[in-house]
Amino acid sequence: METFLQLVLTGIMVGSIYALVALGWVLIYKCSGVLNLAMGELTLIGAYVSLTFYTWGLPFPLALLATLIIGAILGILTERIFLRRLIGEPVLTIIMVTVGLSFFFRGLIELIWGTDTRVFHPPVFPYEPVRLGPVVIGQVYLWSFIAALALLGILAAFFRYTRWGLAMQAMADDEMAAMSLGISPKFVYAAAWAIAFMAAGVGGSLLGNINGVNISVGYLGLLVLPAVVLGGLNSIPGAIVGGIIIGVLQNLAGGYLDRFTPGGVKEIFPFVVMTLMLLIKPYGLFGWVRIERV
Amino acid sequence: MADGGAMLQVNNIEVRYHQVILVLKGVSLKVPAGGIVALLGANGAGKSTTLKAISGLLKHEDGQITDGSIEFMGQRIDRKSAEEIAAMGIIQVLEGRRVFEHLTVEENLRVGAHHGDGRRLSERLELVYHYFPHLRTIRNRVAGFCSGGEQQMLAIGRALMTNPRLLLLDEPSLGLAPLIVREIMEIITRLNREQGIAVLLVEQNAKLALEIAQHAYVLENGRVVMEGPAAALRDNPDIREFYLGLTEMGARKRFREAKWYKRRKRWLT
Ligand SMILES: Nc1ncnc2c1ncn2[C@@H]1O[C@H](COP(=O)(O)OP(=O)(O)OP(=O)(O)O)[C@@H](O)[C@H]1O
Ligand SMILES: [Mg+2]
């Protein structure tokens, strides 16, 4: 029972990081219809950027802030350079471009940071675990959870209360109607990429604190796909719930099934869930049932 | 051919979709400052296309103005983007209402104020609630759950939030109960009179449109086939028959009658 609780709790905490990255993914999809397969690389870039700032001696919160800023800039650049000219092209073309982007980013990362695993040194969070009732949790999980929740809260407030957030929601609901009020789709697409890069960046940085930074952070970033399929491709609450569920399922699979196999269950299980979900409930738990615009 | 009286002037425009489908074949019309002008015509005549050509939304549907020009307050606007045109004060209220379904009524309105001065937001909201008091009572309702009439009011209210000079209204009566249509037409008239907003009103309900407009154009198959003061069009036997559904004796008549085709041909030549 304690193991179970332990697995579920850490699962929720890691899942909140996936939720953050998934929110960024859904935002791009909702606002511009782009299915972005480069999300893993965005996460990886965030991990390396924050690690770099940390190694240069910035305190971790400031390193995170710098990661957010760099993320926003990279997001806007990516949209401008690679995606803007593709507006109106067939969906498949755009998907292939994001696949190309993911290879491009991966190459760039290896060029700049190499392929060795790097760790945050000295460790950002104390090693001593904390007791929460009957379970023991590593502080890194707890703090990551708090940071992810804080950022999710800030983003939620941004969408609800600021004119830019509202404009993005409007564009996601009805592009033509938003344009009829003078809202620029270019601005909204750029903002969506900027926020996605920022969310993935912070997510990557937190995951890097948990596991160390190497290419595997990119695979974790790819877990957004099962998360968003579970939640519904165009639902922001769905992305958050989906991310957390994937975190929990992944942990449980790792904890209970790993010993029956040569390993790898933890990596595969979320994608098994995704496939099942696509067969049973293709619009996810929260998705809008609506004909895709092409 | 600048015209001192005309706020908007559409000069003989030709519009194509996907570079090949010719939809408007030389449409000209004028909207005077402070006026209400009706644009009538059957399904597929090109009414919505005309509005989209003016508002710049045409490009979003892969349409293009291939000939002619559009001037607004003395400036060429036919090459401008939809955002630039909206910023000049021309706002189109799309056919079919198109509210932001997942946002609340008030959030919909706030989207309309996106480019406005943030400090004057509540002032604009008050103005909208002044003309549409019912919207205030449902301000926190999710727009997708509102009735058709409420959504139409919201669509016009949302446009009003932008502080427009010229409203392009595309079939605001579509699918609504007669009583609500009356109310909406009345509000449009008041907005025009009290706020000085010019209106280009596309309608299939010609009777209503001719009641509130001063001037009207009839579009057929991408061409203006008739124009004149609203009163004159109301009395025109062809209009009475085809758009108002009245024969000489005043009895209701079916829309498509044998003679229709012949008379239509007469307009076209
Ligand atoms: N995006 C498009 N691509 C190709 N053809 C189009 C497009 N939009 C409209 N058309 C065509 O242009 C013509 C005029 O359409 P438009 O929507 O302007 O008519 P309308 O007068 O507004 O009709 P309705 O009363 O049905 O709204 C129609 O034949 C229509 O099929
Ligand atoms: Mg139309």
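The values are calculated or read from the model by the stated rules, or taken from the named source; none is laboratory data. Everything numeric here is computed off the predicted structure, so don't read it as measured data. No Cβ is skipped: glycine too gets one built from the backbone with ideal geometry, and neighbour counts run over all protein chains shown.
Structure notes:
- Filter pass, B:Glu71 being surrounded by 17 or more Cβ atoms within 10 Å (Cβ to Cβ) and away from every other protein chain (no Cβ under 14 Å): yes
- Only a single item in (1) exposed (fewer than 15 other Cβ atoms within 10 Å of the Cβ); (2) on the phi < 0 side of the Ramachandran plot is not met by B:His18, and it is number (2).
- Subset of region A:184-224 that is surrounded by fewer than 22 Cβ atoms within 10 Å (Cβ to Cβ) and β-branched (Val, Ile, Thr) - its residue that is nearest to the other protein chains (Cβ to nearest Cβ): A:Ile210
- Check on B:Ile36, within 16 Å of ligand 2 (Cβ to nearest atom) and either at pLDDT below 95 or more than 14 Å from chain A (Cβ to nearest Cβ) (or both): no
- In region B:100-120, the residues that are over 28 Å from A:Asn234 (Cβ atoms) and facing another protein chain (nearest Cβ under 10 Å): B:Gly116, B:Gly118
- Boolean, B:His60 is part of a helix (DSSP H, G or I) and either at pLDDT 95 or above or within 14 Å of chain A (Cβ to nearest Cβ) (or both): yes
- You will find that of A:Leu181, A:Leu166, the residue that is farther than 23 Å from A:Ala239 by Cα and either within 7 Å of chain B (Cβ to nearest Cβ) or aliphatic (A, V, I, L, M) (or both) is A:Leu181 and no other.
- Within region B:169-223, tally of residues that are under 22 Å from B:Gln151 (Cα atoms) and of a type in the set (Lys, Arg): 2
- Leading residue by the ranking (nearest to ligand 1 (Cβ to nearest atom)) among those in region B:134-180 that are at positive phi and away from chain A (no Cβ under 14 Å): B:Glu171
- Selection from region B:160-201 of residues that are of a type in the set (Asp, Glu), more than 16 Å from ligand 2 (Cβ to nearest atom) and surrounded by 19 or more Cβ atoms within 10 Å (Cβ to Cβ): none
- The set of residues in region A:232-270 that are within 16 Å of the chain's Cα centre (by Cα), hydrophobic (A, V, I, L, M, F, W, C) and more than 22 Å from A:Met1 (Cα to Cα) comprises A:Leu233, A:Ile236, A:Ala239, A:Ile240, A:Val241.
- Residue match in region B:78-99 (condition: within 16 Å of ligand 2 (Cβ to nearest atom), within 12 Å of chain A (Cβ to nearest Cβ) and in a helix (DSSP H, G or I)): no
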